Amino acid sequence: MNLRAIRHELGITAELTELAKVRHWVRTALCGLPASVVSTAVMVVDELTSNALRHGRAPYHVRLLTGAAKLRIEVEDGGGEPARRRAPSDQGGRGLLLVERCAAAWGQLRRPSGKTLWAELATDDLPGARG
């Protein structure tokens, strides 16, 4: 299986019920990868998407970009406010901390039309990723 430059994209609405749809989509798109990579990707996508739905605004897009040694996850929204880590509380604040701990790298790109939060997961153990 060649994992170079495969791109999956999904547009979603502002409903929090979309999170279940996104998790299912990630599992389907990454079904050939090791279970540990898929479960981490689902968790990271879920956190970034819920952050976008709670704090951003439409339009929303989720992308998965697989490469030779990494999986890049991007969640785009039309909100202008940058994402920021908050102190954990009963109301939340753990999402970006969780992303930071799971990802090899993460960050955000701000554009005039919104922002993209991204995270990269190392996938050196993927079939076809070496050589």
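Things worth noting here:
- Distance distribution note for the chain: the fraction of Cα pairs above 24 angstrom is 25%.
- Solvent-accessible area, 1.4 Å probe, carbon plus sulfur percent, for the chain: 52
- For Val22, the shell of other residues with beta-carbons less than 15 Å away shows a net charge of -3, using +1 for Lys and Arg and -1 for Asp and Glu.
- Mean Kyte hydropathy of -0.5 or more with a Cα span along the axis of at least 15 Å, helices from DSSP in the chain: 18-29, 35-55
- Once the Cα-Cα distance is subtracted from the 0.36 nm per residue extended length, the Ser36 to Arg72 segment shows a gain of 11.4 nm.
- Annotation: extensible slack from Met43 through Ile6 equals 11.3 nm (criterion: 0.36 nm per residue apart, minus Cα-Cα distance).
- With the charge dipole of the chain set up from +1 on Lys and Arg Cβ and -1 on Asp and Glu Cβ about the Cα centre, the Cα lying farthest toward the positive end among the listed residues Ile12, Leu33, Leu97 is that of Leu97.
- Average accessible area per residue (Å²) across segment 18-102 - probe 1.4 Å, nucleic acids and ligands excluded: 49
- Total charge dipole magnitude, the chain, about the Cα centre, Cβ charges on Lys, Arg, Asp, Glu only, Debye to nearest 20: 220
- The protection proxy used here, the mean number of other Cβ atoms lying within 10 Å of each residue, ranks peptides 94-105, 14-25 as follows, highest first: 94-105, 14-25.
- Summed residue charge, Cβ within 13 Å of Ser113's Cβ, Lys/Arg positive, Asp/Glu negative: +2
- Accessible surface of Arg85 - all protein chains present, 1.4 Å probe, nearest 10 Å²: 130
- Cβ crowding within 10 Å averaged over residues, with 50-62, 28-40, 108-120, 68-80 ranked highest first: 68-80, 50-62, 108-120, 28-40
- Neighbourhood net charge (10 Å Cβ-Cβ; Lys/Arg +1, Asp/Glu -1) for Pro82: +2
The values are calculated or read from the model by the stated rules, or taken from the named source; none is laboratory data. Quick caveat, the model's predicted, so the values are computed rather than measured. Cβ coordinates were reconstructed from backbone atoms using ideal geometry, including for glycine residues, and neighbour counts include every protein chain displayed. What goes into the accessible areas is simple: the full protein's heavy atoms, side chains included, and nothing from ligands, DNA or RNA. Shrake-Rupley method; radii C 1.70, N 1.55, O 1.52, S 1.80 Å.
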